[in-house]
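In what follows, a structure is listed as structure tokens, so that the remarks can point back to it.
The values are calculated or read from the model by the stated rules, or taken from the named source; none is laboratory data. Bear in mind that the values here come from a model prediction, so they are computed numbers and not experimental data. We place every Cβ from the backbone using ideal geometry, glycine too, and count neighbours over all the protein chains shown. For the accessible areas, the whole protein counts, side chains as well, though only heavy atoms, and no ligand, DNA or RNA atoms are used. Shrake-Rupley method; radii C 1.70, N 1.55, O 1.52, S 1.80 Å.
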Amino acid sequence: MCIQRIVAGKDRAKDEKRPVRDGDIVTACQQTCPTDAITFGNLKDEGSAASKLRHAPRAYQVLDELGTRPGVTYLKKVVREAETKPAAIKGHA
């Protein structure tokens, strides 16, 4: 996942004598995604956007139940509830 960008972000923080902050490292796919569908960050930092999304109700990890410790978290699709009113049939009153 963009090792060059990760190293550059860590080096920049080290040069500035500070820890890496949330948002310091932006992957290429994250940067170019027009829908902001990709979030990259430190899962050990409870305050990071990535950590918050990983613990969201919609979050799941593929093969997590097998103990694989996946590094990628997916969010379930948001589905709107069906309308409560039945659709009217045309031509009938």
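Lys and Arg at +1, Asp and Glu at -1: add these up for the other residues within a Cβ distance under 14 Å of residue 15 and post the number.
Taking every other residue near residue 15 into account, the sum is +3.
With a 1.4 Å probe and all protein chains left in place, how much accessible area per residue does the chain have, in Å²?
That works out to 88 Å² per residue.
Spin-label point model (7 Å from Cα, Cβ direction): what's the residue 78 to residue 58 distance in nm?
The modelled label-to-label distance comes out at 0.5 nm.
Determine the calculated [θ] at 222 nm for the chain from helices alone, applying -39500 (n - 2.57) to every DSSP H run no shorter than 4 residues and normalising by the residue count; nearest 500 deg cm²/dmol.
Calculated at 222 nm, the ellipticity per residue is -7000 deg cm²/dmol.
Calculate the radius of gyration of the Cα atoms of the chain to one decimal place, then report Dmax, the largest Cα-Cα distance, as a whole number, both in Å.
Computed over the Cα atoms of the chain, radius of gyration and Dmax are 20.3, 75 Å.
Would you pull out the residues with amide H under 5 Å of residue 59's amide H, same chain only if 5 or more places away, H placed 1.01 Å from N?
Sorted by chain and number, the residues that satisfy this are 76.
Within the accessible area of the chain, what % is carbon and sulfur when the probe is 1.4 Å and the other protein chains stay in place?
C and S fraction of accessible area: 56 percent.
Quick one: what do you get for segment 1-52 if you divide its Cα Rg by 2.2 N^0.38 Å?
Relative to the rule-of-thumb radius for its length, segment 1-52 sits at 1.14.
Quick one: if you stick a label point 7 Å off each Cα along the C-beta vector at residue 32 and residue 65, how many nm between them?
Computed distance between label sites residue 32 and residue 65 equals 3.6 nm.
I'd like the trypsin sites (Lys or Arg not before Pro) in segment 1-88 restricted to DSSP loop residues with at most 11 other Cβ atoms within 10 Å, sorted by number.
Those that pass, being in a loop and sparsely packed, are 17, 44, 58, 76, 77, 80.
May I ask you to derive the FRET efficiency for residue 12 and residue 49 from their Cβ-Cβ distance with R0 = 22 Å, giving the value to the nearest 0.05?
With R0 = 22 Å, the Cβ-Cβ based efficiency is 0.70.
Say we join alpha carbon atoms closer than 10 Å with springs in a Gaussian network model of the chain; which of 50, 37, 59 then has the biggest fluctuation?
Among 50, 37, 59, the largest GNM mean-square fluctuation belongs to 37.
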